[in-house]
1. What are the residues in region 44-78 that are of a type in the set (Ser, Thr, Tyr), over 21 Å from THR229 (Cβ atoms) and at pLDDT below 95, if any?
2. Of all residues being among the aliphatic types (A, V, I, L, M) and out of contact with any His (no Cβ under 9 Å at 6 or more places or on another chain) in region 79-96, which is modelled with the highest pLDDT? Just the residue, please.
3. Among the residues of region 284-307, are any part of a helix (DSSP H, G or I), of a type in the set (Val, Ile, Thr), open to solvent by less than 20 Å² (accessible area, probe 1.4 Å) and in contact (Cβ under 8 Å) with a residue 60 or more places away in the chain?
4. Given the criterion touching a Cys at 6+ places or on another chain (Cβ under 7 Å), outside any loop (DSSP other than H, G, I, E, B) and within 26 Å of SER36 (Cβ to Cβ), identify the matching residue among ILE269, ILE281, ILE273.
5. Specify the residue that is nearest to the chain's Cα centre (by Cα); the eligible residues are those in region 99-118 that are within 13 Å of ILE404 (Cα to Cα), open to solvent by less than 20 Å² (accessible area, probe 1.4 Å) and not hydroxyl-bearing (Ser, Thr, Tyr).
6. Search region 217-268 for residues being surrounded by fewer than 19 Cβ atoms within 10 Å (Cβ to Cβ), touching a residue at least 24 places away in the same chain (Cβ under 8 Å) and of a type in the set (Ser, Thr, Tyr), and hand back the single one that is farthest from PRO401 (Cα to Cα).
7. Identify all residues within region 390-445 that are among the small types (Gly, Ala, Ser), more than 21 Å from ARG86 (Cβ to Cβ) and surrounded by 14 or more Cβ atoms within 10 Å (Cβ to Cβ); write none if there are none.
8. Of these, SER209, SER188, SER192, SER184, which one is closer than 21 Å to LEU287 by Cβ and either assigned to a helix (DSSP H, G or I) or open to solvent by less than 60 Å² (accessible area, probe 1.4 Å) (or both)?
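The values are calculated or read from the model by the stated rules, or taken from the named source; none is laboratory data. All values reported here derive from a predicted model rather than from experimental measurement. No Cβ is skipped: glycine too gets one built from the backbone with ideal geometry, and neighbour counts run over all protein chains shown. Calculation scope for accessible area: heavy atoms of the full protein, side chains included, ligands and nucleic acids excluded. Shrake-Rupley method; radii C 1.70, N 1.55, O 1.52, S 1.80 Å.
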Amino acid sequence: MKIPSHSNITEAVQPLLSPECEHSAEDRSAPNGSISGAVFNISTTMIGAGIMSVPATMKVLGIVPGFAVIVLVALITDVTVEFMLRYTNSGKSTTYAGMMGESFGSIGSLAVKVCVLVTNFGILIIYLIILGDVLCGSQSNGTTHLGVLQEWFGMNWWTSRAFTLLIVALFIMLPLVMLRRVDSLRYSSAISILLALVFIAICSSMAFSALLSGKTQSLRMVPDFSQVTVLDLFTTVPVFVTGFGFHVNVHPIRAELGRVTHMRMAVRISLLICMAVYFAIGFFAYLLFGDSIMPDVLVNFDQNSNTHVGRLLNDIVRLSYALHLALVFPIMNFSLRVNIDELIFSNKNKPPLTLDTPRFVSLTLSLLALTYLVAVAIPNIWYFFQFLGSTTVVCTSFIFPAAIVLRDMHGISKTKDRVIAISVIVFAVGTSGIAIWTNLNPGDG
């Protein structure tokens, strides 16, 4: 595909506002982000809370099909992001909602806004809930699970969920969400990826130690249909679709890069990193825990902390995971804030969000405060948003980009593109539909 002309590039990198807004000279000079920063931010978006669910998918799929599904979802992600970049470059809009609006009018634009709102807001709440569980403990089925702070310092008011999450929100998240450029988050994103690698290092070292002492679990190369059904296999696909779903951040990150080719390079490097991280976590955790692996592998580490070394590793894993989520939070917040601003002010003659300090600060503080209050008040909302998030992520990641290609308002799609788009929609709708039906009817398998 040829590199677009300079005029097209200029259109593609305008800040994320409705086309009606005027842009200042300062705003037009914004595209100076780095490829490395884009790689860190994209990778961090993908390697979120879902890394703890990956090992359980290996238990269902087996090693070989598990790796195949990771590769397949990564390839589809690359294709759909390419669709988005191509149509953004050919059109006038520089937001996801605007791009859908060009193809499907106000209904398409609203559909994206609603999906991003549900997905990102739900994910941010889930991140805070997990942070609260890890640091302050949780209760399930009448059993109390102590958090790291309660194990260290006992049950005090300052180790409570409300106070601990308030401190995390004020001193870790607030300074990061107040940054006005997504490229400014590259350092926190790099640390977040490093913490994921710490988890892999601990998992692999424990697995090799168990291997040397002959205590590793036998690996299942293919599904064991005496324990799972064919339909159960489809329940694993949304885990990876959600994991690779960074499409809501394509436009904010793309806006700060000089060329569309830089974005393509950053996307493919990030996909390779994410594939390696997901497969390594799935392989080593499955090798270590085998069929006893839980949907959240943190539970397995907690159950294996009956020695001093075990307790130390368990605390390191949980704390690194908690900090990892705290650093993923700002990158997901960024696209949510842009989306809400566009939803509220899309038809008003307002300056860019990053240049309107009162609007930026008030929206940022309101969003963080609301997320905190919901996470503290309704910690069991996890399951509700988990269901909605899985369905809306499939739309924003696969269905909407493919639909834009089929609509082809700019007349640039080829027969090959349309065939791929139809295949993507069939895959997304089919696997998600089967997964939802299987989860709602667990006894029917």
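1. THR44, THR45
2. Taking the candidates together, the pick is VAL79.
3. Taking every residue of region 284-307 in turn, none turns out to be part of a helix (DSSP H, G or I), of a type in the set (Val, Ile, Thr), open to solvent by less than 20 Å² (accessible area, probe 1.4 Å) and in contact (Cβ under 8 Å) with a residue 60 or more places away in the chain.
4. From the options ILE269, ILE281, ILE273, the qualifying one is ILE281.
5. VAL112
6. Top of the filtered list is SER218.
7. Within region 390-445, SER390, SER432, ALA435 qualify.
8. Within the list SER209, SER188, SER192, SER184, the selection yields SER209.
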